[in-house]
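A.B. asks: Once you've had a glance at the structure underneath, I'll fire off some questions.
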């Protein structure tokens, strides 16, 4: 958790892992993150106006299957 890496499809985007593994499978989880601080840490400059937010779930690294449900996503200024 917390791993950060470059987005292979978008130069000005980064991937930040907030959950990994099966230990909490079947549970609803809640996360609170500071997008401003994340942007400053990754790019070292003030973030531009938000155009879009991407949320990704995948099993690329283990070539497995994954199922995820998202609910009540809220962005605050």
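Coordinate-derived values only; no laboratory data. All of these numbers come straight from a predicted model, not from anything done at the bench. We place every Cβ from the backbone using ideal geometry, glycine too, and count neighbours over all the protein chains shown.
A.B. asks: Take residue 59 and tell me if it is on the phi < 0 side of the Ramachandran plot, surrounded by 10 or more Cβ atoms within 10 Å (Cβ to Cβ) and in a loop (DSSP other than H, G, I, E, B).
C.D. replies: Spelling it out, residue 59 is indeed on the phi < 0 side of the Ramachandran plot, surrounded by 10 or more Cβ atoms within 10 Å (Cβ to Cβ) and in a loop (DSSP other than H, G, I, E, B).
A.B. asks: If a residue has to be within 19 Å of residue 75 (Cα to Cα) and either part of a loop (DSSP other than H, G, I, E, B) or touching a residue at least 24 places away in the same chain (Cβ under 8 Å) (or both) to count, how many in the stretch 17-37 make the cut? Spell out the reasoning first.
C.D. replies: Just the residues of the stretch 17-37 that are within 19 Å of residue 75 (Cα to Cα), to begin with: 17-19, 28-37.
The next check asks that each one be either part of a loop (DSSP other than H, G, I, E, B) or touching a residue at least 24 places away in the same chain (Cβ under 8 Å) (or both); those that pass are 17-19, 28-35.
Final tally of qualifying residues: 11.
A.B. asks: Filter the stretch 1-51 for residues that are surrounded by 10 or more Cβ atoms within 10 Å (Cβ to Cβ) and touching a strand residue (DSSP E or B) at 6+ places or on another chain (Cβ under 7 Å) and give the result.
C.D. replies: If the condition is that a residue be surrounded by 10 or more Cβ atoms within 10 Å (Cβ to Cβ) and touching a strand residue (DSSP E or B) at 6+ places or on another chain (Cβ under 7 Å), then 4, 6, 7, 14, 15, 16, 38, 42 are the ones that fit.
A.B. asks: If you don't mind, another one. If the requirement is being assigned to a loop (DSSP other than H, G, I, E, B), under 14 Å from the mean Cα position of the chain (by Cα) and in contact (Cβ under 8 Å) with a residue 40 or more places away in the chain, which of these qualifies: 2, 54?
C.D. replies: 54
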